[in-house]
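To start, the structure under review is shown below, and the notes come after it.
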Amino acid sequence: MILIDGKKVAAELREELKGEVSQLKKQHNKIPGLTVILIGDLTPSQIYVRNKERSAKEVGLNSEVIKYPDSVEEKTVLEKIKELNVDATVSGILVQLPLPKHIDKQKVIETIDPSKDVDGFHPMNVGNLSSGYESSIPCTPLGCYLLIKKIEPNISGKKAVIVGRSNLNGKPMTQLLLKENCTVTITHSKTKDLKSECLQADIIVAAVGIPELVKGDWVKKDAIVIDVGINKTEKGIVGDVNFNEVSKKAKALTPVPGGVGPMTIACLLKNTIECFKRSQI
Ligand code: NAP
């Protein structure tokens, strides 16, 4: 079984992006810039944002974090986004989720200029992705996609089963695999027989949030299994896939942690650079 080393692949991607940034700097005399808006003092959000900032600096991007207290008015945040939308030094804008209850997430997402939407959540990017046009792609599914392609460059005609239909993970994952000519089944909490759906899959992507939901006897021999889940349990952080059982069946499997997680931030940097490149055309 191949243990898919997300840390290693993400480090290679960051190295590649670093080279690209220095090339772009020579070519345009400018550096792509990522601005993150962080609202409130939730510890996980603060950790994510700190890691994003560190990684952005590591590859040579300009990086800025704008912090607001929990009590900030929605209007202030929307005004700031509008300012960043017209700031030529800003290539990508990310508003760290979740937001305090009084701030409308959808309004925030829709205020970001789609050409600077590094999370790929703006409806225009969602639509472009599902129409097969160029778009920003949500970072976690993009990371999963790159890991799958690393294991198997040609996945045309493969049967893929996506467990979970969130806008963040399952739905964009479906679009990415469809574009690669996979036959894709998307499953969710109302799916009648999840085990038999999974058993047909050459590729499984689990993005559910239920610890070790996908069992060994749900997986066809030699399937590629990507585990997006991050679940805190008594025995520590586990994924949505039962690692011990599935590792005996799968051809390749991502560990948790160290699989999909590291790819997410690397893909955010990739998206920032892509936004910059599109803005220079
Ligand atoms: P989410 O928005 O809560 O969506 C979960 C999806 O799973 C929903 O579509 C839900 O179906 C489906 N589901 C729930 N119970 C199910 C069941 N018993 N059988 C089949 N499907 C079921 O979650 P998310 O934001 O996509 O996140 C999923 C997991 O990924 C979480 O553990 C999260 O922490 C992790 N995550 C990891 C990263 C990373 O960088 N590695 C990034 C983001 C998220 P319904 O639509 O019917 O409710």
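In table form, for the structure just shown:
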read-out	value
Spatially proximal lysines relative to Lys192 (Cα-Cα < 21 Å; intrachain offsets below 8 disregarded)	Lys159, Lys171, Lys215, Lys220
Residue-level accessible surface for Ile47, protein heavy atoms, 1.4 Å, Å²	70
In Å, descending, principal axis extents of the Cα set of the chain	52, 43, 35
222 nm mean residue ellipticity, helices alone, for the chain (DSSP H n ≥ 4; -39,500 (n - 2.57); rounded to 500)	-13500 deg cm²/dmol
Estimated dipole of region 29-113 in Debye, rounded to 20 [Cβ of Lys and Arg +1, of Asp and Glu -1, Cα centre]	220
Percent of alpha-carbon pairs separated by more than 26 Å within region 23-179	33
Cα centroid separation - region 63-111 against region 12-31, whole Å	26
Solitary cysteines of the chain, where the nearest other Cys Cβ is not under 4.7 Å	Cys144, Cys182, Cys198, Cys275
Descending semi-axes in Å of region 128-196, equivalent ellipsoid built from Cα gyration tensor	19, 15, 11
Amide H contacts of Ala201 (H built 1.01 Å from N, under 5 Å, at least 5 apart or other chain)	Lys220
Ordering of 8-15, 248-255 by burial proxy (mean other Cβ atoms within 10 Å per residue, highest first)	248-255, 8-15
Rel. contact order, % - alpha carbon contacts under 8 angstrom, at least six apart, region 29-113	41
P(r) tail fraction, region 139-261 - alpha-carbon pairs more than 24 Å apart, %	15
Furthest towards positive pole of dipole, Ala160, Ala201, Asn181, structure part region 139-261, Cβ charges	Asn181
Convex hull of Cα atoms in region 212-281, direction-averaged projection (nm²)	6.0
Beta bridge orientation in region 192-241: antiparallel %, DSSP, nearest 5	40
Average Cα contact separation per residue, the chain, under 8 Å, 6 or more apart, as relative contact order %	22
Rg followed by Dmax, in Å, when region 25-109 is reduced to its Cα trace	13.6, 44
Ile2 long-range amide H proximity, modeled H, under 5 Å	Ala252, Leu253
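The values are calculated or read from the model by the stated rules, or taken from the named source; none is laboratory data. Quantities reported herein were computed from a predicted structural model and do not represent experimental measurements. Reconstructed Cβ throughout: ideal geometry from the backbone, glycine too, with neighbour counts over all protein chains shown. We work out accessible area using only protein heavy atoms, side chains counted, and drop any ligands, DNA or RNA first. Shrake-Rupley method; radii C 1.70, N 1.55, O 1.52, S 1.80 Å.
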